[in-house]
1. Residue by residue through the stretch 16-38, note down the ones that are surrounded by fewer than 22 Cβ atoms within 10 Å (Cβ to Cβ) and part of a loop (DSSP other than H, G, I, E, B).
2. Can you pull out every residue in the stretch 221-239 that is under 9 Å from Ala254 (Cα atoms) and within 24 Å of the chain's Cα centre (by Cα)?
3. Being touching a residue at least 60 places away in the same chain (Cβ under 8 Å) and out of contact with any strand residue (DSSP E or B) (no Cβ under 7 Å at 6 or more places or on another chain) narrows it down to one of Thr14, Thr42, so name that one.
4. Considering the stretch 124-144 alone, what residues qualify as being buried (at least 22 other Cβ atoms within 10 Å of the Cβ) and not in a loop (DSSP other than H, G, I, E, B)?
5. In the stretch 96-108, which residues are more than 12 Å from Gly21 (Cα to Cα) and in a helix (DSSP H, G or I)?
6. Which of the residues belonging to the stretch 53-83 are part of a loop (DSSP other than H, G, I, E, B), at pLDDT 95 or above and of a type in the set (A, V, I, L, M, F, W, C)?
7. Test Asn227 against the criterion of being surrounded by fewer than 16 Cβ atoms within 10 Å (Cβ to Cβ) and either of a type in the set (Ser, Thr, Tyr) or not in a loop (DSSP other than H, G, I, E, B) (or both), and give yes or no.
8. Restricting to the stretch 130-139, name every residue that is touching a helix residue (DSSP H, G or I) at 6+ places or on another chain (Cβ under 9 Å) and either of a type outside the set (Gly, Ala, Ser) or under 16 Å from Ile36 (Cα atoms) (or both).
Amino acid sequence: MNLVELGQGVFALTNPQPRYGYSNVGLVIDADGLTIFDTTATPQSGLGARQAILELTAALDVPIKRIVLSSSRIPFSGGGQAFWAAAFYGSEATSDQLDLPPNPDAFRRLLPDFAISYPDEFETRPITHTVGEHAWLTPAASVMPLSGESAANLILRLEEANVVFAGALASFGVTPLAYDGDLVAWIEALATITELGSTIIPGHGPPGGAADVADQLAYLRACIDANGDPNKLGPGPWEYWTDRRFDAVNVERAALLGAGLDQLPQSMLELLGF
């Protein structure tokens, strides 16, 4: 992973591969310890991120104190075992999902590159502290729940550095996945994020800003306007994104919600081999 310094004590570990599952990690250094934002997709990559963070902060002799998860989805929570001793912060929706037994077979189908990392005994780290409203975690960092990718995601804002770690809500150059998300709420959440910081670290893809968010907004709107037909997405920046396999899922989900049906798209079940 590439280490990017974003401000005093604020870093991102970004994945050079713009593909779903190759996710980013945030790091905030405070006097009482380290705050980590998201944990990567697998225990192995989580250990790699942990090692890089500990090497960077070795001279400071401060513990990894807090983990903030933007989502329960496996690209963001799968490396949680590497940070087990820390406090884990997430939304109530994330906590509820992580309290359920994991489905390694679904993870293997969704992320075939990492299939070996999800044995049958694979487990995720549960949430220890739920966040239901905007709150300060440290003097430098605050968390805020926003809906969209799931019923409630978390973002991490560093006001002084003018940085927002958007996690699962932002995807730059990588097609997002909205199999049980709310695309209208997601659009509203992205608009909020652009008002909170000029540098936005997405869950997938390189660091960006308002223009990158605008591309994602346009994609989500196109999914809604397609009226259930992915062939009607039309041209846009997404033509050059990876993971276009998710188009059918996102378009079907938008159509289901438009019809008042809050259910899993059939195309998602087919993607998982069910």
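1. Answer for the stretch 16-38, where residues must be surrounded by fewer than 22 Cβ atoms within 10 Å (Cβ to Cβ) and part of a loop (DSSP other than H, G, I, E, B): Pro16, Gln17, Pro18, Arg19, Ala31, Asp32.
2. Our first condition is that a residue be under 9 Å from Ala254 (Cα atoms); within the stretch 221-239, this holds for 223-228.
Hits for the stretch 221-239 are Cys223, Ile224.
3. Going through Thr14, Thr42 in turn, just one is touching a residue at least 60 places away in the same chain (Cβ under 8 Å) and out of contact with any strand residue (DSSP E or B) (no Cβ under 7 Å at 6 or more places or on another chain): Thr42.
4. The answer is Ala141, Val143.
5. Here is the first cut: in the stretch 96-108, the ones more than 12 Å from Gly21 (Cα to Cα) are 96-106.
Passing the criteria: Asp96, Gln97, Leu98, Pro104, Asp105, Ala106.
6. Residue satisfying the conditions is Leu69 alone.
7. Numbers: surrounded by fewer than 16 Cβ atoms within 10 Å (Cβ to Cβ): yes; either of a type in the set (Ser, Thr, Tyr) or not in a loop (DSSP other than H, G, I, E, B) (or both): no.
So Asn227 does not fit the description; no.
8. Of everything in the stretch 130-139, those that are touching a helix residue (DSSP H, G or I) at 6+ places or on another chain (Cβ under 9 Å) and either of a type outside the set (Gly, Ala, Ser) or under 16 Å from Ile36 (Cα atoms) (or both) turn out to be Thr130, Val131.
The values are calculated or read from the model by the stated rules, or taken from the named source; none is laboratory data. This is a predicted model, so every value here is computed, not measured. Heads up, the Cβs are rebuilt from the backbone with ideal geometry, glycines too, and the neighbour counts pull from every protein chain shown.
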